[in-house]
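S.K.: Okay, here's the structure, questions in a sec.
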Amino acid sequence: MALRRQPKKSSDTFSFQNVVVLLLLGYIIYVFLTTLTRRLAATSNSSKIQLATKSEGTHKLRLLLSSHGRIMWYYPEDEHTVVLHQGQGVHYGTFTGKVSNSGALESVWVVLRPHNWHPESSVEVLLELDSETGQELNRVRVPSRFTHDAVRRGDQVYLCNTDEGSVLQLSYPSMSVVKSLSLFTPKQHVNTLAPLEEGKLWALLHNMGKSSIVRIDLTAQLPSVEVAITDVGYKAHGLVEWNHGFVVLDSDNSALVWVSGWEKNLSAKEILGRVKQFWKAEEGGKFLKGLAVVDDVAYFGISVFAARSKRQDAGVDSELAAFDLKKEVLLWRRKVPTKGLLNVVSAPQLGQDSTYRAIRSGLKQGGWVHEGLKEFSSDASKDSVVTTMRGLSSNDTNRLSKGHEPNATASVQSRHGFLSNEKVKAATAQLEELGYPARIGGHWASGLPFLDIHTKASASAWDAGIQLPLTMLNITNLKHKVESMPKIMWNEDEQRKSNAVIGGRQSNTQKYKPGVKAIYLIFSDRSIKHTFRFPYYQYFKDAIEPLLSQVLGEGELNKVVRMQLAYMPPEISSIKVHRDMGGYATNAHRIHIPVLTNPKVTFEICPALEKHSLTSHEEIGDDVLRPGDCLPIPMEEGMVFEVNNRVLHRVRNESPLDRVQLVVDVAEEPRVPQDISPGAECEYVHANVVCR
């Protein structure tokens with residue numbers, strides 16, 4: 001019997017068709033999701049990496065990265081990147097350009113040169129860019145070849161003419177050549193500069209091997225190397241002064257190191273630097289280059305070691321790392337879109353010295369506190385300082401420690417013994433209304449700002465501002481110490497026995513400061529290189545040091561070069577119109593802390609007299625002063641301020657009360673004071689102070 005062919009069941013046909021449809025549907029969904037993911041990633045990247053078109057604001061820490069491919073802002077907090085310039089050559093040294101009167105960065109300068117692998121051109125330039133938009137503002141050709149660094153100190157710019165082994169000194173802002181210092185050979189490969197001291201220039205010599213740090217004396221008739229610290233690394237880069245030494249990149253060994261030698265061994269000789277290794281890349285084939293230290297964190301570049309011909313490869317990105325130097329821990333390490341070898345890390349918005357000196361941002365976990373004053377408030381429900389400033393988030397306002405104001409101005413609770421900085425805000429506004437806003441030159445370790453020292457030392461000193469209100473301090477302990485001290489301590493005869501005296505100043509004091517008495521606690525010679533600590537310092541130490549630590553920062557008291565308590569008796573004392581001219585005025589910052597004062601004590605600055613009063617101590621009687629010649633500056637007990645003592649000024653006490661002021665001169669570099677025995681007499685000998 002023949003078998004019949006069974007017809008295919010409809011259910012089998014339906015199952016097969018379903019499988020096909022589901023597979024096709026799954027493929028379509030896969031393609032759709034893949035495309036969507038790629039578009040979202042592209043959108044995310046474009047929001048992080050973009051060409052600069054408008055101001056990005058300064059509410060977060062940002063670093064300026066110069067690479068073989070581009071120069072760009074990088075925001076570590078959210079990894080946001082803004083490209084300022086690219087596609088025209090290799091970018092190297094960067095430094096601060098124009099700064100507004102309020103201290104806001106307006107432009108940056110960067111070295112732009114051809115790649116040194118078969119270059120098609122020999123033209124190297126300094127390029128000035130708008131710091132926010134990247135617009136080219138200026139382009140100056142420089143007579144240098146394979147420039148590796150460019151740094152600025154005031155009105156001087158220094159360039160590494162690496163291929164010719166020389167250093168070029170330029171005049172800012174014209175960029176005209178002042179001199180060329182032919183001190184090295186091409187093989188020594190000078191690649192990093194640090195003008196840390198007036199008349200001195202530190203430099204790092206790569207040496208194509210064992211590297212060294214040298215100090216150049218620029219004041220000598222024939223500038224020469226006077227100090228050499230040898231064996232600081234292998235093919236090293238970066239030179240940042242930190243903690244009385246230098247942070248350096250031991251590039252070929254992939255290590256971040258610290259080298260001793262900044263504060264001592266300053267005589268002309270060769271020394272072996274003590275090297276401490278902070279961190280080293282575990283994997284091989286890494287090369288470190290580009291270094292800045294902000295808030296005790298070292299930011300540095302990590303690149304894959306490559307042949308010179310590959311360093312401009314736009315497909316190769318470097319890494320940026322952050323290492324906490326205090327805690328000695330690596331915070332993070334991440335890839336950044338450098339489009340070639342990373343060469344320089346800087347923060348020019350924080351100061352001219354951001355590539356060669358450890359600096360402070362004034363930020364507290366993302367909050368910005370030093371670029372101007374806006375609103376001030378207090379919160380009686382919290383035992384903390386409460387601050388609201390431009391760019392400071394509300395989450396950061398509770399973070400300043402009780403009784404301490406580490407950054408700029410703040411409102412604090414009077415019930416905890418602190419004074420309101422509303423008065424500092426008002427004083428700042430008053431100075432701006434007078435037409436003399438402060439020009440900020442940098443910041444102390446505390447985060448508080450200081451006047452621009454180079455403008456202050458110039459012929460138009462008033463352009464730096466006449467006063468910089470800083471903060472309010474609780475001076476209860478110091479005030480009690482002054483009021484309860486034996487009055488005989490003000491007497492010069494007593495000081496000859498129990499303190500120390502400075503000879504040769506009596507005639508000057510009687511001429512310009514009749515009736516004024518002083519207790520010297522720290523003194524210096526005219527160069528302020530050598531400082532002397534007087535016996536009475538110990539008497540006031542416990543009351544003064546906590547206050548100065550709040551102003552300058554912990555561990556920064558060795559920057560004080562002069563300190564005195566100035567006493568003006570009631571109604572009979574005055575300080576006549578004068579300006580200060582010594583090194584303590586041109587190379588240091590004068591900080592006042594009023595201890596005993598009242599509204600009838602007036603401190604006046606006289607910038608209007610400057611155009612016809614050019615001598616160091618020109619006596620000007622009240623009868624020739626015109627209305628508006630002298631301007632009273634804000635002052636009250638506990639208000640800390642920096643005064644521009646390079647501008648003519650005078651003080652009068654017309655009250656029936658004592659007036660006492662703590663006057664402190666602070667340098668930007670540390671000193672080692674020499675303790676003086678009771679009964680010593682100090683005098684000037686050829687501009688040097690000798691104490692016997």
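Only the coordinates and a few stated rules stand behind these numbers; no lab work does. All of these numbers come straight from a predicted model, not from anything done at the bench. No Cβ is skipped: glycine too gets one built from the backbone with ideal geometry, and neighbour counts run over all protein chains shown.
S.K.: Among S303, S182, what is the fewest-to-most ranking by other Cβ atoms within 10 Å?
M.R.: Ranking S303, S182 by Cβ neighbours within 10 Å, fewest first, gives S182, S303.
S.K.: Same structure again: What distance in nm lies between label points placed 7 Å from Cα along the C-beta direction at S171 and V690?
M.R.: The two pseudo-label positions are separated by 3.9 nm.
S.K.: Taking 30 Å as R0, compute the FRET efficiency from the Cβ-Cβ separation of S102 and E77 and round it to 0.05.
M.R.: In this case the efficiency is close to 0.80.
S.K.: Using label points projected 7 Å from each Cα along Cα→Cβ, tell me how many nm separate N491 and V672, to one decimal.
M.R.: Spacing of the two 7 Å Cα→Cβ label points: 3.9 nm.
S.K.: Let me ask something else about it. As I understand it, the dipole of segment 452-691 uses +1 on the Cβ of Lys and Arg and -1 on the Cβ of Asp and Glu, about the Cα centre. Which of S498, T597, H454 lies farthest toward its positive end?
M.R.: Towards the positive end, the residue furthest out is S498.
S.K.: Another one. Assuming R0 = 30 Å, what is the FRET efficiency of E432 and R626, from their Cβ-Cβ distance, to the nearest 0.05?
M.R.: 0.85
S.K.: Next question. List, in the order given, every pair from K327/K529; K210/K286; K60/K276; K280/K559; K289/K559 whose Cα-Cα distance in the structure shown is over 29 Å.
M.R.: Long pairs (Cα-Cα over 29 Å): K327/K529; K60/K276; K280/K559; K289/K559.
S.K.: Roughly how many debye, to the nearest 20, is the charge dipole of segment 57-359 about its Cα centre, given +1 on each Lys and Arg Cβ, -1 on each Asp and Glu Cβ, and no other charges?
M.R.: Rounded to the nearest 20 debye, it is 500 debye.
S.K.: At 0.36 nm per residue, minus the direct Cα-Cα distance, what do K335 and T185 gain on full extension? Give it in nm, one decimal, please.
M.R.: Full extension of this stretch gives 50.5 nm more.
S.K.: Based on Cβ point charges of +1 for Lys and Arg and -1 for Asp and Glu, what charge dipole magnitude is obtained for segment 452-691 about its Cα centre, in debye rounded to the nearest 20?
M.R.: That gives a dipole near 300 debye.
S.K.: Taking amide H atoms as placed 1.01 Å from N in the peptide plane, list the residues 5 or more away in sequence, or in a different chain, whose amide H sits under 5 Å from that of T147.
M.R.: The list, which skips near neighbours in sequence, is T162.
S.K.: Oh, and also: If I take R0 = 56 Å and measure r between the Cβ atoms of V123 and I28 in this structure, what FRET efficiency does the formula 1/(1 + (r/R0)^6) give, to the nearest 0.05?
M.R.: 0.50
S.K.: Place the peptides 681-692, 535-546 in order of packing, highest mean first, counting for every residue the other Cβ atoms within 10 Å and averaging per peptide.
M.R.: 535-546, 681-692
S.K.: Using the count of nearby Cβ atoms within 10 Å as a rough guide to exposure, how do T338, T81, T597 rank from fewest to most?
M.R.: In increasing order of surrounding Cβ atoms, one gets T81, T597, T338.
S.K.: Kindly identify segment 57-359 as rounded, prolate or oblate by the Cα gyration tensor criterion: order the square roots of the eigenvalues as a ≥ b ≥ c, call it rounded if a/c is under 1.5, otherwise compare a/b with b/c, prolate if a/b is larger, else oblate.
M.R.: Taking the square roots of the gyration eigenvalues as a ≥ b ≥ c, segment 57-359 is rounded.
S.K.: So what is the relative contact order of segment 57-359, in percent, for Cα pairs below 8 Å that sit 6 or more residues apart?
M.R.: 15
S.K.: Same structure again: To the nearest 20 debye, what charge dipole does segment 105-248 have about its Cα centre, counting +1 at the Cβ of each Lys and Arg and -1 at the Cβ of each Asp and Glu?
M.R.: 460
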